[in-house]
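All remarks here apply to the structure that follows.
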Amino acid sequence: MLFLVQNGFRVVAHDRRGHGRSSQASSRNDMDGYADDLAAVIEELELNDVALVGHSTGGGEVARYIGRHGTKRVAKAVLIAAVPPIMVKSPTNLEGLPIKVFDDMRSSLTKDRSQFYKDLAMAFYGANREGAKVSKGILDQFWLWSMQAGLKNAYESIKAFSETDFTEDLKKFDVPTLVMHGEDDQIVPVKDAAKKSARLIKGAKEIYYPGAPHGLTATLQDQVNADLLSFLKS
């Protein structure tokens, strides 16, 4: 956000429902709720010609927003390490992750959420890979941000990001779209996410980063920023 502001853009962001500085609402912790919250921000601020940029679950929010609210206020879209089209394995998505992966996440979250977030950060930023250079500060920041989320909100968000099918949402994209993803993403595997999404979005531009993790906006900050800026200015 700071980088984009320094390059002349107005940047607006919101904390997801139940996360960060948001109130910890007990209901609508699902993609429809997230997308409608985004719509409320856009409409309240009377934003137009917006470039929607979403990372991970945020990419799902962008997709569902376009699916539910259209692109009348949207000029461009960017999906970074995003969860669409659908993460969980099923008869129609054989490359997806087994439901046990997400059940285990829910179990770990409820038993010891603090340690769960510390463990998750390692894979999120690829700090568990040989030769990785991820600072303790980045890992600590991830834990701090995660601990600000309401437990119910975080618990229900796992179902939201893993089981929501965005296929029809992606087919409704009719604005220039950039898909960015790390090829060593241990959280949202690239072959079952970005590469499938790009095939569903007409004219999508794709950028893949060899060896990059899920948290590539931190570990590959300069390159991601440069590529993002180039797309936004094009």
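Model label sites at residue 27 and residue 163, defined 7 Å from Cα along the beta-carbon direction, differ in position by 1.9 nm.
Contact order, relative form, for the chain: 24 percent (alpha carbon pairs under 8 Å, 6 or more residues apart, mean separation divided by residue count). In terms of the mean number of neighbouring beta-carbon atoms within 10 Å, the peptides 45-53, 30-38 order highest first as 30-38, 45-53. Express in whole angstrom the spacing between the alpha-carbon centres of the range 128-142 and the range 41-71. The range 128-142 and the range 41-71 have Cα centres separated by 30 Å.
Projecting the Cα atoms of 181, 85, 125 onto the charge dipole of the range 81-234 (Cβ charges, centred on the Cα centre) puts 85 farthest toward the positive pole. Count charges around residue 47 for me, please; just the other residues with Cβ under 10 Å from its Cβ, Lys/Arg as +1, Asp/Glu as -1. Summing Lys/Arg as +1 and Asp/Glu as -1 gives -2. Listing 65, 125 from fewest to most neighbouring C-beta atoms within 10 Å gives 125, 65.
Listed cross-link partners 76/191; 136/196; 100/191; 172/233; 152/196 are compared with a 28 Å cut-off, the Cα-Cα value being larger for 136/196; 152/196. Counting only Cα atoms, the size of the chain along its three principal axes is 44, 41, 39 Å, in decreasing order. Placing +1 on the Cβ of every Lys and Arg and -1 on the Cβ of every Asp and Glu, with no other charges, gives the chain a dipole of roughly 80 debye about its Cα centre.
Charging the Cβ of each Asp and Glu at -1 and of each Lys and Arg at +1, and nothing else, the dipole of the range 1-102 about its Cα centre rounds to 220 debye. Estimated from helices alone, the mean residue ellipticity of the chain at 222 nm is -14500 deg cm²/dmol (sum of -39500 (n - 2.57) over DSSP H runs with n ≥ 4, per residue).
Taken together, the values in this text are just the output of simple stated rules run on the coordinates, not laboratory data. What you are looking at is a predicted structure, and each value in this text was computed from that prediction instead of being measured. Cβ: placed from backbone, ideal geometry, glycine included. Neighbour counts: every protein chain shown.
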